[in-house]
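A.B. asks: Sharing a structure, written as structure tokens. Questions coming.
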Amino acid sequence: MLKGKHILVGISGGIAAYKIPFLIRLFRKSGAEVKVCATANALQFVTVVTLETLSGNKVYTDVFAPHNEHSTEHISLYDWADLMIVAPATANSIGKMANGIADDALTTTFLAMRKPVLIAPAMNSNMLAHPAVTKNIATLKSWQHVTVLDTGEGFLACGTMGSGRMAEPEDILRAADKLLEAQTFTGKRILITAGPTREAIDPVRYISNHSSGKMAYAIASEFLKRGGEVTIVSGPVADELKQKAKGCRIADVTSAGQMFDAATTFAANSDIIVLCAAVADFTPAQYSDIKLKRHDEMTLPLRPTQDIAAAIGRNKTTKQLLVGFALETNNETENAQQKLKSKNLDMIVLNSLRDDGAGFGVDTNKITIISGEGEQHYPLKSKQEVACDIVDFVEHKLYERPTIPEV
Ligand code: PMT
């Protein structure tokens, strides 16, 4: 899996930096290409000459290092790399990465990175147990594209015994291999619509629905985990959902009209498009600038919104894969099949509000995937597991492998 892969090794200033030349050798032996960015402190422990000789590439240190041909060249590293490794990750570098501080080549690149990052912490046990460090590590772990390796127990450079030893180079190599093994969507751009839309009636009121965005964000994180470049066009959803989607580009919209504009624009540049949003089918024919007064009776004229799926379906190229959803309450299969055809979708994910634990708001879903090859039924699962099934199906479809029916 590592053969031909681009590995960016970020080194921060801890004694375990002396092991990084071995790590670079292991990667090179496995056929990977390696570039290094090191903090100024890291270079107190390991020399530029060693790192450049072993990696075969120059070492990036400062954002504006005078010896760099282009002062912002390091920024392109996040584009080049399939995987970034930060090892050893000191308490200081962990703190900066977790809090968005970017004051050197390593932390700047980390902040721009949208592909998987593997972090191998190394520090004194008291530092590791400090609530500030625990909190920062928890923050890093909460981001989908980041994996933090456990530290080992043993004799530490400060002369004490305890936890805080950096994972061994062989373990880091194995973890990197495993992460890259699952990267089946590397180089693929994925667009996902998420959540509800809100159609304003007046400055106070709107028409909307119960979508929480949970299903769409679970799909986004599954694609991201497998190496995809994910853009979410998101209706209003809880902030915590968005925070977990670190690594995805999020374009916030409110109304069906805004979702149409954003989704059709991004779609032109996407390989896979998943339309999971519950888009309003109708919007008030007229918006009132002032709050409408209460009446005994009220009629609200509505006009249909534009159909995003149908518009993208019309302009779809043979290289693009278009996935729709159908949320039904009756005649489920028939309605979903009709949507599959009329919107020119490659596959449609059907969920029915008649199934307990399926659809809006809840953390579970029960789906049937319908495509040209027929129907595949799945049992009730968590939305994360459902997302995994959907992405598996897309993967099989994309690479023309037969799908394996569930038993
Ligand atoms: O967000 P959650 O709480 O996790 O709930 C998940 C979900 C129930 C919202 C999700 O699983 C789901 O079913 N999403 C689609 C909901 C829906 O609007 O279905 P529909 O059958 O009305 O629409 C069919 C398809 O056309 C959908 O892909 C929809 O995104 C798309 N559409 C609809 C209207 C419109 N104007 N433009 C569209 O693109």
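Every number here is computed from the coordinates shown, using simple stated rules; none is lab data. If you're wondering where the values come from, they're calculated on a predicted model, not measured in any experiment. So basically every Cβ, Gly included, is an ideal-geometry build from the backbone, and we count neighbours across all protein chains shown.
A.B. asks: When you check Leu275 against the structure, is it surrounded by 17 or more Cβ atoms within 10 Å (Cβ to Cβ) and over 14 Å from the mean Cα position of the chain (by Cα), yes or no? If you could, list the steps in order and put the result at the bottom.
C.D. replies: On the way: surrounded by 17 or more Cβ atoms within 10 Å (Cβ to Cβ): yes; over 14 Å from the mean Cα position of the chain (by Cα): yes.
Yes, satisfied.
A.B. asks: Within region 142-162, how many residues turn out to be surrounded by 13 or more Cβ atoms within 10 Å (Cβ to Cβ) and either touching a residue at least 24 places away in the same chain (Cβ under 8 Å) or closer than 22 Å to Cys248 by Cα (or both)?
C.D. replies: 13
A.B. asks: Identify the single condition in (1) in contact (Cβ under 8 Å) with a residue 12 or more places away in the chain; (2) surrounded by fewer than 13 Cβ atoms within 10 Å (Cβ to Cβ) that Asp355 does not satisfy, given that it satisfies every other one.
C.D. replies: Among (1) in contact (Cβ under 8 Å) with a residue 12 or more places away in the chain; (2) surrounded by fewer than 13 Cβ atoms within 10 Å (Cβ to Cβ), Asp355 violates only (2).
A.B. asks: Quick test for you: out of Gly187, Gly213, Gly195, pick the one residue that is on the phi > 0 side of the Ramachandran plot and surrounded by fewer than 17 Cβ atoms within 10 Å (Cβ to Cβ).
C.D. replies: Step by step, each of Gly187, Gly213, Gly195 is checked, and only Gly187 is on the phi > 0 side of the Ramachandran plot and surrounded by fewer than 17 Cβ atoms within 10 Å (Cβ to Cβ).
A.B. asks: Could you tell me whether any residue of region 49-56 is of a type outside the set (Gly, Ala, Ser) and touching a Ser or Thr at 6+ places or on another chain (Cβ under 9 Å)?
C.D. replies: Of region 49-56, the ones of a type outside the set (Gly, Ala, Ser) are 49-54.
Subsequent filtering for residues that are touching a Ser or Thr at 6+ places or on another chain (Cβ under 9 Å) retains none.
No: region 49-56 contains no residue that is of a type outside the set (Gly, Ala, Ser) and touching a Ser or Thr at 6+ places or on another chain (Cβ under 9 Å).
A.B. asks: Take residues that are in contact with an Asp or Glu (Cβ under 8 Å, 6 or more places away or on another chain) and tell me which of the helices (runs of 4 or more DSSP H) falling wholly in region 291-407 contain 1 or more.
C.D. replies: 332-342, 383-398
A.B. asks: Which residues, counting only those in region 10-41, are farther than 18 Å from Met113 by Cβ, touching a strand residue (DSSP E or B) at 6+ places or on another chain (Cβ under 6 Å) and aliphatic (A, V, I, L, M)?
C.D. replies: Listed by number, the residues that qualify are Ala16, Ala17, Ile20, Ile24.
A.B. asks: Which of the numbered conditions does Ala278 fail, given that it passes all the others? Conditions: (1) within 18 Å of Ala262 (Cα to Cα); (2) touching a Pro at 6+ places or on another chain (Cβ under 8 Å); (3) away from the ligand (no atom under 13 Å from the Cβ).
C.D. replies: The one condition Ala278 does not meet is (3).
A.B. asks: Okay, moving on. Residues in region 176-188: is at least one touching a residue at least 60 places away in the same chain (Cβ under 8 Å) and within 16 Å of the ligand (Cβ to nearest atom)?
C.D. replies: Within region 176-188, none of the residues are touching a residue at least 60 places away in the same chain (Cβ under 8 Å) and within 16 Å of the ligand (Cβ to nearest atom).
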